[in-house]
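Report on one structure; see the data block that follows.
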Amino acid sequence: MSSFCVVILAAGEGKRMKSELPKVMHEICAKPLVNYVVDASRMLSPKKIIVVIGRKRPQVKEVLSKDVRVVYQEKPLGTADAVKAAQKEIPSNVEHVVVLYGDTPLIKEQTIRFLIDFHKEKSVSCTVLTTFLDHPRGYGRVLRNEAGQFVGIVEDKDASYQQKNIKEVNTGMYCFKKDDLLEALCHVKPLNVSGEFYLTDAFGWLLKKNKRIEACVVEESSEVLGVNSQKEFIEAAEIIRRRILEKHMENGVSIMDVSTVFIDESARIGAGTIIFPLTFIENDVVVGENCSIGPFCHLRPGARLGNKVSIGNFTEIKNSEINEGTFMRHVSYLGDARVGKNVNIGAGMIVANFDGVKKNKTVIKDGAFIGCNSVLIAPVVIGKKAVVGAGSVVTRNHNVCDGATVVGMPARLITESKKKSNKGKA
Ligand code: UD1
Ligand code: CA
């Protein structure tokens, strides 16, 4: 696609969220709202992605990736003013500017592409993406003349009773000819109920100058939901959560109850794996093929599970590698650990990885058997095919040799390995 850049507006106050956290930083499936829009834009390979953030809320910059250009809007004076703040960063060699809002996380790359293609094909000054909503409250309404041509947008707050009945709404996504946009911005005035500089008022000026504006309609209205309140946030979150589950199901993962399984954006799960209800799989988790996960399981960042691993109820795993064929079926915690193949972890095992100051590592080698209700105090190594008896507390640095059996609190050696491969003691 030729010469265009994307400007994403994310400097609004988000007052309707009633939250201290800037609106666009609220996370859905562990990804901030604004990054859904950034990621969809990036897939179109624009010349540049510019994100406008508020001077008073510079923390938004922390969640943005390095490849986007951040500009500040000094005060939230309205969407037209926000685009103005981005003006100096718009490359001179682009022909078109796509403007998106940072609070519409459901937008898909294909839809923005459709907008740009439509705009170029019609060769108009601006194309507005619109959709039809049964309940259009809160959105700007699309005004058309008797011939059906686009004549403007009226904001919900400014709409007359009759205009409020219009079901076609502005999605807040536009493709402009750059030169026309920049010129129109100079003429937007805050002549409305909120006293803001509305980007939607740029259309009036363009039409006055006999520029052509088209509205193109997107049928999938759920894609353009704007998140303004906590209620809309949860509606968007539900759609995104469902999309993620469907992606995994397409890849051959069985999800036994789509209403209670939560999987973050970047988790990877192999085919043939079954996920039981009430399971949470967070970002940066990898689950292999043919695993069984849950019910009531919490896989946190850094959990890496090989193939045929079975993780059952009331289990939590964080920053740990678990290799093929290992079982951890009941009530256990594993953090900062490396667990080998075919290990059996009994009910109630806890790895005590945190000593109050730092996190320590636990290693459980291939074929080990960890009895019920045992505590492994890190740092500690449990050798190959070693056995830790039920109720044992293996204290820090008291490594268990390959093949040895330990029991008690603190765990003491009762059977040495036949091979006596090293001198560690329990
Ligand atoms: C806006 C549109 C409305 C449309 C709706 C679609 C305007 C005037 N209205 O209304 O027609 O139906 O989106 O979702 O554009 N922002 C800034 N700086 C500001 C103000 C806003 O960066 O000074 C950003 C916000 O962070 C947000 C976006 O612009 O991401 C839209 O602002 P918002 O206040 O949510 O506009 P809506 O009332 O939803
Ligand atoms: Ca909005």
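Quick one: Met173 ticks every box in (1) under 17 Å from Glu214 (Cβ atoms); (2) at pLDDT below 95 bar one, so which box is it? Unmet condition: (2). Which pairs turn up if I take residues in region 134-147 that are more than 20 Å from Glu219 (Cβ to Cβ) and look for partners that are surrounded by 10 or more Cβ atoms within 10 Å (Cβ to Cβ) with beta carbon separation below 7 Å, at least 6 apart in sequence or on another chain? Cβ pairs passing all conditions: Arg137/Asp156; Gly138/Asp156; Gly138/Asn228; Leu143/Val151; Leu143/Gly152; Leu143/Ile153; Leu143/Val154; Asn145/Val151. Return the residue satisfying two criteria in turn: it lies in region 212-242 and is open to solvent by 70 Å² or more (accessible area, probe 1.4 Å) and away from ligand 2 (no atom under 16 Å from the Cβ), and of such residues it is farthest from Lys167 (Cα to Cα). Once the filter is applied, the top-ranked residue is Arg242.
This table checks each residue for (1) outside the structural domain of Lys108 (by TED's automatic domain parsing); (2) surrounded by fewer than 18 Cβ atoms within 10 Å (Cβ to Cβ); (3) within 26 Å of Glu196 (Cβ to Cβ).
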| position | (1), (2), (3) |
| --- | --- |
| Lys31 | no, no, no |
| Val37 | no, no, yes |
| Met43 | no, yes, no |
| Lys61 | no, yes, yes |
| Glu74 | no, yes, yes |
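Looking at region 265-272, can you tell me whether even one residue there is in contact with a helix residue (DSSP H, G or I) (Cβ under 7 Å, 6 or more places away or on another chain) and in a loop (DSSP other than H, G, I, E, B)? So far as region 265-272 goes, yes, one or more of its residues are in contact with a helix residue (DSSP H, G or I) (Cβ under 7 Å, 6 or more places away or on another chain) and in a loop (DSSP other than H, G, I, E, B).
Note on region 143-162: residues that are polar (S, T, N, Q) and either closer than 19 Å to Lys211 by Cα or surrounded by 14 or more Cβ atoms within 10 Å (Cβ to Cβ) (or both) amount to 2. Restricting region 64-121 to residues that are under 19 Å from Asn170 (Cβ atoms) and of a type in the set (Asp, Glu) leaves a set whose member that is farthest from the chain's Cα centre (by Cα) is Asp81. Of all residues in region 255-291, those satisfying the criterion of being open to solvent by 50 Å² or more (accessible area, probe 1.4 Å) and farther than 20 Å from Pro301 by Cα are Met256, Ser259, Asn290. For region 168-187, a residue qualifies if it is farther than 17 Å from Leu143 by Cβ and within 10 Å of ligand 1 (Cβ to nearest atom), and exactly one does: Met173.
Every test in (1) in contact with a Ser or Thr (Cβ under 7 Å, 6 or more places away or on another chain); (2) assigned to a loop (DSSP other than H, G, I, E, B); (3) buried (at least 18 other Cβ atoms within 10 Å of the Cβ) is passed by Leu334 save one, and that test is (2).
Determine if region 206-219 includes at least one residue that is in the same structural domain as Thr111 (by TED's automatic domain parsing), under 31 Å from the mean Cα position of the chain (by Cα) and not hydrophobic (A, V, I, L, M, F, W, C). Yes, because at least one residue in region 206-219 is in the same structural domain as Thr111 (by TED's automatic domain parsing), under 31 Å from the mean Cα position of the chain (by Cα) and not hydrophobic (A, V, I, L, M, F, W, C). Restricting attention to region 82-111, which residues are open to solvent by 60 Å² or more (accessible area, probe 1.4 Å) and touching a residue at least 12 places away in the same chain (Cβ under 8 Å)? Listed by number, the residues that qualify are Lys84, Gln87, Lys88, Asn93, Glu95, Lys108. Give me the residue from region 74-108 that is within 16 Å of ligand 2 (Cβ to nearest atom) and of a type in the set (A, V, I, L, M, F, W, C) and, out of that set, nearest to Leu33 (Cα to Cα). Among those residues, the one meeting the criterion is Leu106.
The values are calculated or read from the model by the stated rules, or taken from the named source; none is laboratory data. Bear in mind the structure is a predicted one, so any value in this text is a computation, not a measurement. Here Cβ is always computed from backbone atoms with ideal geometry, including for glycine, and neighbour counts include all displayed protein chains. Only protein heavy atoms, including side chains, enter the accessible area calculation; ligands, DNA and RNA are left aside. Shrake-Rupley method; radii C 1.70, N 1.55, O 1.52, S 1.80 Å.
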